[in-house]
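The values are calculated or read from the model by the stated rules, or taken from the named source; none is laboratory data. Computed from a predicted model, the values in this text were never measured in an experiment. So basically every Cβ, Gly included, is an ideal-geometry build from the backbone, and we count neighbours across all protein chains shown.
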Amino acid sequence: MASAGCPGDDDCGPGGAPAAGITLTVEGETVAYGGFTASVNNDCTISGAGVISVSVHGTQTGGSQALTLCLPRPDLLGADPVALVPSRVPPRAEDRAMVIDTSAALAGGCTVQKDVTGEPAGTARFAGYCDGGAHPGGYALELSGTVPLVRTCGATMDEVTGTLAGTVAVAVE
């Protein structure tokens, strides 16, 4: 039986997307994220929309740093790319993929954390996305863009830009 948003159940799910396929590159150093899950958490729901938002969360491979998105209107997503937007309260009616957290541990004991004063640029795409993201097979998340970051190395802090890229499987909880 076909699911809403997909021609048939065979078209739903992450396809060949890897378990750890999203990368963040900061000045030539690249880290990977995996273990992505999506769950209805009501973290960025648009008031009056009648739809509960979904959080998508992964962690840095070999670490605990996070990459988190919030999808205010999961019912309006599909295979077409949507703009990455900053975290804002309340979300705007047109927001589809809010970047909540981007953090990473880098070489030499440095870390990066999303700069809350800047805005991400780029897109998120949800391949194999069916039933408003609730299909038990999950889907594939593809990111392409940049995110402003604050890098901390000891007592030194500076602003840098991270490049997000890749595709990863997302399990639905």
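Details
- Within the stretch 75-88, the set of residues being under 14 Å from A140 (Cα atoms) and touching a helix residue (DSSP H, G or I) at 6+ places or on another chain (Cβ under 8 Å) comprises L77 only.
- Residues of the stretch 12-22 satisfying the condition of being touching a Ser or Thr at 6+ places or on another chain (Cβ under 9 Å) and buried (at least 18 other Cβ atoms within 10 Å of the Cβ): C12, P14, A17, A20, G21, I22
- Flag for G28 being surrounded by fewer than 14 Cβ atoms within 10 Å (Cβ to Cβ) and closer than 23 Å to G162 by Cα: yes
- Flag for D158 being more than 13 Å from the chain's Cα centre (by Cα) and at pLDDT 95 or above: yes
- Within the stretch 25-67, being farther than 26 Å from V150 by Cα and either outside any strand (DSSP E or B) or free of Cβ contacts under 8 Å to residues at least 12 places away in the same chain (or both) holds for N41, N42, T45, I46, S47, G48, A49, G50, V51, I52, S53.
- Checklist (1) within 16 Å of the chain's Cα centre (by Cα); (2) farther than 30 Å from T111 by Cβ; (3) surrounded by fewer than 16 Cβ atoms within 10 Å (Cβ to Cβ) applied to P74, failing item: (3)
- Filtered residues of the stretch 101-140 (kept if free of Cβ contacts under 8 Å to residues at least 60 places away in the same chain, over 21 Å from A19 (Cβ atoms) and either touching a Phe, Trp or Tyr at 6+ places or on another chain (Cβ under 7 Å) or among the hydrophobic types (A, V, I, L, M, F, W, C) (or both)): C110, V116, A121
- When residues of the stretch 26-60 are limited to those that are charged (D, E, K, R) and at pLDDT 95 or above, the one farthest from D131 (Cα to Cα): E27
- Selection within the stretch 111-142 - of a type in the set (D, E, K, R) and either assigned to a loop (DSSP other than H, G, I, E, B) or more than 12 Å from the chain's Cα centre (by Cα) (or both): K114, D115, E119, D131
- Candidates are the residues of the stretch 141-170 that are free of Cβ contacts under 8 Å to residues at least 40 places away in the same chain and among the β-branched types (V, I, T); the one that is surrounded by the fewest Cβ atoms within 10 Å (Cβ to Cβ) is T156.
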